[in-house]
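Right, one structure below, let's go through it.
The values are calculated or read from the model by the stated rules, or taken from the named source; none is laboratory data. Remember, it's a predicted structure, so these values are computed and weren't measured experimentally. A quick note on method: Cβ atoms are made from the backbone with ideal geometry, for glycine too, and the neighbour counts reach across all protein chains shown. Just so you know, the surface numbers come from the protein's heavy atoms only, side chains and all, with ligands and any DNA or RNA stripped out. Shrake-Rupley method; radii C 1.70, N 1.55, O 1.52, S 1.80 Å.
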Amino acid sequence: MTLSETFIRRPITTTLISVVVAVFGVWAYFRLPVNSLPTVDYPVIQVSAAYPGASPATMASAVALPLENEFTQISGLHSMISDNKSGVSTISLTFSLNRSVDLVAPDVQAAITRALRNLPTDLPSPPTYQKFNPSDSPIYFIVVQSDTLTHGDLYDYASHVVARKLSMLEGVSKVQVFGAKRAVRIQFIPEQLTACQIGADELTGALRAGTVNIPGGSLNGPMRTFSIEPQGQLRTAREFGELVIAYRNNAAVRLKDVANCVDSVVNDLVDIRHNKPGEPPHDKCVVMPVSRVSGANTVEVADRISAALAEARLELPPSINIETMFNGATPIRTSLHDVQVTVVIALILVVLVIFLFLGRIRETAIPSIVLPVSILGTLLAMLPSGFNIDTLSLMSIVLAVTFLVDDAIVVLENTVRHLDEGMKPI
């Protein structure tokens, strides 16, 4: 007895199995992770080295080349790409898929250690590495902008309010904040330092000594105890300007006498702007990429992020505007909708073609039931197999539907032809 004969001779069993497959297929459809790409743990490691002030050519010859010579000795290395910029070198190492990224990391660290003897001796810090998975690229980009607040204020609100709220969401692995941190720039005047007979090293020492957090202790009285909190951490340019750095001729020399103190940012060379069609460009903004946990449902995570941003808007000042630059769930929903429309059109066309050529409602009802059950059975098999609903799996389902449609028409047409020639249905 063949497999087909078993189901033909037991129609009740066949019907029950079809119903079970359909029900659990619908359940699996809502349980499958939805992502843009398949979840693949690519063994990719990025090595970064910083050498401030060096040109790209110097970074390539003095920093990247010694590292590359050592990396080529690691077994399983598939490709190596170097990106050398002013003061920074980034090397991306891609290994064979049969190698685990956790087992490759010690080999990379050993290669970095061997290359230290050939690297510049005045390198601020040794090269570092981190694991990188291309499929875990940010799924959500947020821009925080304002026309009245400073760059530093925007960075503080973005990192202390928005980033903390998003980091606590289920499925979110990392929230980055691209902007400018608040800082005070001290631009000393050489003529004034010379007139006061103050050296640059003395000025630096006075700044370090005057901007420290130290415990102040307490004052114990007969009835109460008071805690002393010295304001040792200066935060604004005006506070820095009042700092006493030396005494000359029995008079205090303050920082504002020999330098210009400016409220600025850590890196004033970075200019982040947000341009929107029909609106003037915003030059005060912070960009926040949000990454998901490997294997998490992109659509669900994006919906949680959107809901969290709606709550964060209520906690921020009205002068701050939060906009979504990119939502990774949008193209996925579009792809899902296109596939759903394609499958429905294919099923309708199959039913119409069979009915027009055969003219029998009973035979026409068979493929209209078998085709949806086959698709739902595929979804049910995808769940325990670890597959996602992504671009590749949707494309394969569309291709499989075309084969399934063709086979359904051919098999049914031949079955009807044999019945018309006098063969028994069994």
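Odds and ends about this structure:
- Choice from 35, 327, 98 showing the highest fluctuation, given a GNM over the chain with Cα pairs closer than 10 Å: 98
- Residues residue 117 and residue 395, FRET efficiency given R0 of 45 Å [Cβ-Cβ distance, rounded to 0.05]: 0.35
- Mean separation of Cα contacts under 8 Å (6+ apart) over length of the chain, as relative contact order %: 23
- Approximate spin-label separation residue 201-residue 276, in nm, with each point projected 7 Å along Cα-to-Cβ: 5.4
- Within the range 33-84, the proportion of Cα pairs with more than 16 Å between them is 54 percent.
- Phi-based couplings in Hz for the range 192-201 (Karplus 6.51, -1.76, 1.60; Gly and Pro marked x): 5, 5, 5, 5, 8, 6, 10, x, 5, 5
- Rounded, prolate or oblate (a/c below 1.5 giving rounded, otherwise prolate when a/b exceeds b/c) for the range 105-149 by Cα gyration tensor: oblate
- For the range 279-383, the convex hull drawn through the C-alpha positions has a volume of 168 cubic angstrom per residue.
- For the range 241-334, the relative contact order works out to 15 percent when only alpha carbon pairs closer than 8 Å and six or more residues apart are counted.
- Nearest-ten-degree value, helix 391-420 long axis tilted from longest Cα axis of the chain: 0
- For the range 345-426, alpha-carbon Rg over 2.2 N^0.38 Å: 1.29
- Note on the chain: with neighbouring protein chains present and a 1.4 Å probe, carbon and sulfur make up 60 percent of its accessible heavy-atom surface.
- As a ratio to 2.2 N^0.38 Å, the alpha-carbon radius of gyration for the chain is 1.52.
- Diffusion coefficient, µm² s⁻¹, Stokes-Einstein with Kirkwood Rh over alpha-carbon pairs of the range 35-161 at 4 °C and 1.567 mPa s: 77
- The range 79-217 - Rg and Dmax from Cα coordinates, angstrom: 22.5, 69
- Nearest-20 debye value, the chain charge dipole, Cβ charges on Lys, Arg, Asp, Glu: 640
- Computed lengthening from residue 323 to residue 238, 0.36 nm per intervening residue step minus Cα-Cα distance: 27.2 nm
- FRET efficiency for residue 23 and residue 160, using Cβ-Cβ distance with R0 set to 56 Å, rounded to 0.05: 0.70
- Shown are 32, 376, whose ranking by accessible area with a 1.4 Å probe and every protein chain present, most to least, is 376, 32.
- For the chain, the solvent-accessible area of protein heavy atoms averages 60 Å² per residue (probe radius 1.4 Å; ligands and nucleic acids excluded).
- If you take the Cα centroid of the range 291-334 and the Cα centroid of the range 150-201, the two points sit 25 Å apart.
- Given a 1.4 Å probe and the protein chains as shown, residue 256 ends up with an accessible area of around 110 Å².
- For the range 80-105, backbone nitrogen atoms closer than 20 Å to the point 7 Å from residue 173 Cα along Cα-to-C-beta are found at 91-105.
- Ellipticity estimate at 222 nm from DSSP helix runs (n ≥ 4, -39,500 (n - 2.57)) divided over the chain, nearest 500: -14500 deg cm²/dmol
- Computed accessible area, residue 191, all protein chains, 1.4 angstrom probe, square angstrom: 120
- Note on the chain: GNM, Cα springs under 10 Å; of 340, 109, 176, the largest mean-square fluctuation is that of 109.
- Residue 3/residue 79 FRET efficiency (R0 56 Å; Cβ-Cβ; nearest 0.05): 0.75
- Over all Cα atoms in the range 165-301, the spread is summed up by Rg and Dmax: 23.2, 71 Å.
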